[in-house]
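The block underneath contains the structure these notes are about, expressed in structure tokens.
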Amino acid sequence: MTKVIVSCPIDTYSGYGARSRDFVKALIDLDKYDVSIISQRWGNTRFGYLEEHNETDLSSRIVPNITTKPDIWIQVTVPNEFQAIGHFNIGVTAGMETTLVHQKWIDGCNKMDLVLTSSTHSANTFQKSVYEQRDKNTDKLVGKLQLSKPIDVIFEGVDMTKYRATKEDKINLSDITEQFCYLFVGHWMQGDFGEDRKNVGYTIKSFLEAFKNKPKQPALILKSHQVGTSILDRERMLDKIEEIRRSVKGKLPNIYLLHGEVSDNEMNALYNHPKVKVMLSHTKGEGFGRPLLEFAAVGKPIIASGWSGQTDFLMKEFTLLIGGELKKVHKSAAQKEMILEEGKWFTPDDQEVAKSYRESFKHYKKYEQLAKKQRQVVKDNFTYEHMVKKLGDILDKHVVAKPEQIKLQLPKLELPKLKQS
């Protein structure tokens, strides 16, 4: 059986950790590969997911190091960390949320034999990022740096046994008095107001402006954090929310912060809770948009930016996709060798955002029916099982197996006998 080693942050509580677990399970389920794992860290996110979730099959496959050159070497990480170690090498990345990837990412991808990314948007960004190469002494153009290896899309299929419509009540929202709530799920990242990637500050203010002074007001639930799940982080979040509230005058709707680690079962319960009606995402860019796919599997309305990774699976006819324009990344949101100021990402149109709030609140039944059609799109195309099949098809298409060593059978030579004189 073909020997595969996957280097990934499989034991971490992170988005890349979740991606790694799904990807490795898909490899195992193909039943064609002998899969081992090298467990890596992911930033400051904590380890312990496998033990705490009884993932014994995955944990039993972890090896401390590489002893022999694997047939297939796979890394799930950002491309500047890619290394070619196996006979065939695959880099797996969520990719880029903007319109430009760093030169080191292109270099990393070109070390591999195949690159897999999560969305059409991300794949296009890799293919369109081209850099001029100039002589250091003469400044003469000597060539171009661009992606030279094949790239394909393997989406992050949703597990419909975990994320589905259900009436099970496993999360307590009794402190929330409103019966109609919008839900935001995402990391509040670096960046000035309106410039952070998930656009959390803008989401809060646009919600407050849309429903201030209304006789009937919905609430906004923020499932978010900044640095971690500490009490200090929670207090910082509450301070930032309050600062935005003070900038809006009038009778304002309530905002509730849901902070800390939540299990898959609890997230599904949150998505299904009768008080949670609509998911919001005014994101500036997604490599994929995993929470949006999970929520779509439940069958409730979604308001989201109409650009980047989530448009692979969110259909315009069944969701409220917001228009807008591409603008350069603000320096406050830029990250070295990752989010580049030279790149562009999405800024939603304020009027379309306001309209989406009004429409979804006043005509909820209409959008609820459309959301059920969106759920069917997910069931027919974007489940874990569909991901497994597509991964198998991609590997069959691209992977060149290590040639087997064949023992040469040389013919025996019969030398003529020499006559004695």
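Read the figures in this text as sums done on the coordinates, not as results from a lab. This one's a predicted model, so the numbers in the text were calculated from it and none came from an experiment. Neighbour counts are summed over all protein chains in view; Cβ atoms, including those assigned to glycine, are modelled from backbone coordinates with ideal geometry.
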Flagged links, alpha-carbon separation over 22 Å, of Lys205/Lys355; Lys284/Lys390; Lys223/Lys365; Lys214/Lys277; Lys128/Lys284: Lys284/Lys390; Lys223/Lys365
Inter-centroid distance (Cα atoms) of region 268-341 relative to region 1-75, Å: 27 Å
Gaussian network model of the chain, springs between alpha carbon atoms under 10 Å - residue of Lys144, Lys327, Lys344 with greatest fluctuation: Lys144
Gaussian network model of the chain, Cα within-10 Å springs - most flexible of Pro291, Pro274, Pro79: Pro274
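May I ask you to compute the full-extension gain from Gln133 to Asp192, defined as 0.36 nm times their residue separation minus their alpha-carbon distance, rounded to one decimal in nm?
Separation in residues times 0.36 nm, less the Cα-Cα distance, equals 17.9 nm.
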Per residue Cα convex hull volume in Å³ - calculated over the chain: 203 Å³
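Quick check on packing: order 281-287, 57-63 by the mean number of other C-beta atoms within 10 Å, highest mean leading.
Working: 281-287: 26.6, 57-63: 14.3.
Going from most to least packed, we get 281-287, 57-63.
Would you mind giving the three semi-axes, in whole Å and largest first, of the ellipsoid equivalent to region 181-380 according to its Cα gyration tensor?
Each semi-axis is the square root of five times an eigenvalue, giving 23, 21, 18 Å.
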Considering only the chain, percent of DSSP beta bridges that pair antiparallel, nearest 5: 20 percent
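So, by mean Cβ neighbours within 10 angstrom, what's the order for 354-366, 177-189 with the highest one leading? Present the calculation step by step, with values, prior to reporting the outcome.
Values: 354-366: 15.2, 177-189: 19.2.
In descending order of packing, they fall as 177-189, 354-366.
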Under 14 Å from the Cα of Lys198 - aspartates and glutamates, other chains or at least 8 residues apart: Glu97, Glu286
Per-peptide average of other Cβ atoms within 10 Å, ordering 93-99, 238-244, 193-199 highest first: 93-99, 193-199, 238-244
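For region 201-281, what is the convex hull (Cα atoms) projected area averaged across all directions, in square nanometres?
On the way: hull surface 23.1 nm².
So the mean shadow area of the Cα hull is 5.8 nm².
Restricting to Cα atoms and excluding each atom paired with itself, what does the Kirkwood estimate give for region 67-112 in Å? All intermediate terms of the calculation are to be shown ahead of the outcome.
Values: mean 1/r = 0.0908 Å⁻¹.
Its Kirkwood hydrodynamic radius stands at 11.0 Å.
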Long-range amide H partners of Thr2 with built H, under 5 Å: Asp34
Integer Hz, Karplus 6.51/-1.76/1.60 couplings in order for region 121-126, x for Gly and Pro: 4, 5, 4, 4, 5, 4
